[in-house]
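Any read-out appearing in this document is the output of simple, stated calculations on the displayed coordinates, not a laboratory observation. Please read these numbers as outputs of a predicted model, since none were measured by experiment. Note that we place each Cβ from the backbone using ideal geometry, even for glycine, and neighbour counts take in every protein chain shown.
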Amino acid sequence: MIAIIDYDAGNIRSVEKALAYLGEEAVLTRDKETILKADKAILPGVGNFKDAMVRIREYGLDEVIHEFVASKKPFLGICLGLQLMFEESEESPGEKGLCLLEGKCTKIPATEELKVPQIGWNSLEFPKESKLFKGIEPGSYVYFVHSYYLKAKNFSDVAATAEYGVTIHAAVEKDNIYACQFHPEKSSDVGLKIIKNFISL
């Protein structure tokens, strides 16, 4: 069973629907025991960094997430979920993230050619072999919706990159921690393959 962590963020149901489509049992929950008993957990969502962290702490989910990650079971962040897993974001100066990995999120610089937020399809490149992207071809397209992008402190954590005026650290993978800035649940067959790879861990 996969626990989808519920902290009142937007767009959580799309992940639940994708897992159901793949025949995977999933539960949307903020209950500590349910999360800790799950085989895997997903932190999805869209929204504001500070608002999300305030709710996560309010529900005591920060401690639950750290306990789950410490159990070495697979943990996946999606979109805002990826950003929250790091130390901080320019969106909310002074607000501390979950600090599961080292790095910060920075505003995408807008230009005449590149609008912010980035909304739409972009291609991925893979700087290292990873379990999450097993069987995915370099140059595959996935769907992004974001205004802030990850700069991981340790490039060795980066599993995928994308170009949008800057090099976006589009996915990370370290030990049992996985995360995607893009939305695999909205990324057609490529996204479903990524979710299947996570399910099979």
### Under 18 Å from the Cα of LYS186 - aspartates and glutamates, other chains or at least 8 residues apart
GLU16, GLU24, GLU137
### Query
log₁₀ I(q)/I(0) of the chain at q = 0.12 Å⁻¹, via Debye over equal Cα point scatterers, no solvent, to two decimals?
-0.53
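Counting residues in region 106-187 as N, plug N into 2.2 N^0.38 Å and put the Cα Rg over that result.
Details: Rg = 12.2 Å, N = 82, 2.2 N^0.38 = 11.7 Å.
With N residues counted in region 106-187, Rg over 2.2 N^0.38 Å equals 1.04.
Quick one: if the Förster radius is 22 Å, what FRET efficiency do LEU192 and LYS151 give, using the C-beta to C-beta distance and rounding to 0.05? Working shown, then result.
On the way: r = 28 Å, r/R0 = 1.29.
Calculated transfer efficiency: 0.20.
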### Summary
So for R0 = 25 Å, FRET eff. of LYS17-LYS37 from the Cβ-Cβ r, to 0.05, ends up at 0.65
### Task
Could you name the aspartates and glutamates whose alpha carbon sits less than 19 Å from that of LYS107, not counting residues in the same chain fewer than 8 places away?
ASP51, GLU87, GLU88, GLU90, GLU91, GLU95, GLU163
### Task
Might you report the magnitude of the Cβ-based charge dipole of the chain about its Cα centre, with Lys and Arg at +1 and Asp and Glu at -1, to the nearest 20 debye?
240
### Query
Of the cross-linked pairs LYS96/LYS153; LYS37/LYS104; LYS37/LYS128, which ones have a Cα-Cα span greater than 20 Å in the structure shown?
LYS37/LYS104; LYS37/LYS128
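Once the cut-off is 19 Å, how many percent of the Cα-Cα pairs in region 1-86 end up in the long-distance tail? Before the final figure, lay out each step's value.
On the way: 1070 of 3655 pairs.
The proportion of pairs with Cα distances above 19 Å equals 29 percent.
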### Query
Along the three principal axes, how long is region 158-201 when you take its alpha carbons, biggest first, rounded to the nearest angstrom?
33, 27, 10
### Query
Relative to a virtual label point 7 Å from the Cα of ASP175 in the Cα→beta-carbon direction, which members of region 130-147 show backbone nitrogen distances below 15 Å?
none
### Message
Taking 0.36 nm per residue of sequence separation and subtracting the Cα-Cα distance, how much length would be gained by fully extending the chain between CYS99 and GLU58, in nm to one decimal?
### Response
13.1 nm
### Query
What span do the alpha-carbon atoms of region 50-133 cover on each of the three principal axes, reported in whole Å from largest to smallest?
43, 34, 20
### Summary
The size of the Cβ-based charge dipole (Lys, Arg +1; Asp, Glu -1) of region 1-107 about the Cα centre, to the nearest 20 debye, is 160
